[in-house]
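The values are calculated or read from the model by the stated rules, or taken from the named source; none is laboratory data. Predicted model, so just to flag it, every value in this text is computed and none were measured. Side chains are part of the model used for accessible areas, which takes the heavy atoms of the whole protein and leaves out ligands, DNA and RNA. Shrake-Rupley method; radii C 1.70, N 1.55, O 1.52, S 1.80 Å.
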Amino acid sequence: MNLTGPQHDSGLIITPRREARDCAILLYTQLSEFNPNKLSMFAFACVCGNYDAVKEAIESGTAPDLIATQTPFQYGFLVITVLGARIRARWSDNMHRRLHILNYLIGSGAPLDTPDIFGYTALCQVYANTGYRDDEGE
């Protein structure tokens with residue numbers, strides 16, 4: 001289920017299909033256009049690290065289906081939470097809230113393997129942003 005629409009597009013735009021290299025460039029250039037205010041209230045809570053709002057929405061049944069995606073890039077809620085930590089890190093001194101949100105979402109049934117349109121999952125997003133490289137620099 002994709003919750004993308006004008007009200008939940010996050011400011012991201014998909015152009016005609018491109019090669020994988022071009023898609024990676026598109027992803028990183030468009031992240032500067034990512035606007036959390038254009039997400040659903042639930043996704044906005046995930047981006048901002050608002051654990052209480054995420055938990056309340058899930059427990060009250062007002063949260064969207066956790067297998068749903070948002071934005072034209074088809075981000076799942078785990079990816080949205082990870083991207084929130086990455087994008088908003090300079091404004092947040094408490095990254096632990098996002099870890100609590102990730103744990104709660106996973107425990108509530110959010111799938112770990114939901115890929116975006118580039119095939120990246122939340123784990124891929126975490127790995128891509130840690131700066132980790134193996135012994136051979138790859």
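What accessible area per residue comes out for segment 33-122, rounded to a whole number of Å², with a 1.4 Å probe?
49
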Once amide hydrogens are built 1.01 Å from N within the peptide plane, the residues lying 5 or more places from Y75 or on another chain with amide H under 5 Å from its amide H are Q70
Diffing segment 56-70: the Karplus 3J(HN,Hα) column from phi (6.51, -1.76, 1.60, θ = phi - 60°), in whole Hz with x for Gly and Pro, holds 4, 5, 5, 5, 7, x, 8, 6, x, 4, 5, 8, 6, 10, 9
If amide H atoms are built 1.01 Å from N in the plane of the peptide, which residues on other chains or at least 5 residues away come under 5 Å of the amide H of T114?
A122
